[in-house]
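*Asks:* There's a structure below that I have some questions on.
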Amino acid sequence: MLLAVLVGCSEDDVPARTTPLRVRIENVAAADALETSSGAITFHLPPGVWLTTATASPLYALGEPDRGRGLEALAEDGDPMPLADALVTTGERAGVFAYNSATYADGALDPGQAFVLDVDAREGDRLHLATMLGESNDIFFATDAAATR
């Protein structure tokens, strides 16, 4: 009977162990980071998407077109929800980081403020982050798609 039980189980049936991580993303821009002819511009850090995976380039690859999963909406409109929803729908461990909220609508970080998020990572995972560059209309910040461990 013991043999039958052992044969019926595989490593795929055993959930992978995860390690909880607390990540702090701080807006370190100066309060009046850029002077223009119309006055000082403060750089705000909008909410974004986090993802833990062993995949090297899950969000984008340099020189490739947008994958149609929501990164364009993040870059153009600052809306992380389409990308986060697309990642979660396909089974990825992903979510949105936002200031004091689970939604992006509560605003961006002013200089000196921080996002703090808790994620679970498996051995070999990489943490990927992406957020819009202020009110840039089509530029995003993200972790290096080709970074090594």
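*Asks:* Per residue of the stretch 76-88, in order, report the coupling 6.51 cos²θ - 1.76 cosθ + 1.60 (Karplus, θ = phi - 60°) as ³J(HN,Hα) in whole Hz, putting x for Gly and Pro.
*Replies:* Residue by residue, the stretch 76-88 yields 8, 10, x, 8, x, 4, x, 5, 4, 4, 5, 5, 5 Hz.
*Asks:* Under 5 Å between amide H atoms, partner at least 5 residues away or on a different chain: which partners does F97 have, H built in plane at 1.01 Å?
*Replies:* G48, V49, W50
*Asks:* Can you compute the charge dipole magnitude of the stretch 54-93 about its Cα centre, using +1 on each Lys and Arg Cβ and -1 on each Asp and Glu Cβ, nothing else charged? Give it in debye, rounded to the nearest 20.
*Replies:* On the way: 3 positive and 8 negative charges, 51 e Å.
Roughly 240 debye for the stretch 54-93.
*Asks:* Full extension from A16 to R122: what is 0.36 nm times the residue separation minus their Cα-Cα distance, to one decimal in nm? Before the final figure, lay out each step's value.
*Replies:* Numbers: separation 106, 0.36 × 106 = 38.16 nm, distance 0.69 nm.
The A16-R122 span can extend by a further 37.5 nm.
The numbers here are math on the coordinates, done by the rules we state, and not lab data. Quick caveat: nothing in here was measured; it's all calculated off a predicted structure. Note: ideal-geometry Cβ built from the backbone for every residue, glycine included; neighbour counts use all protein chains shown.
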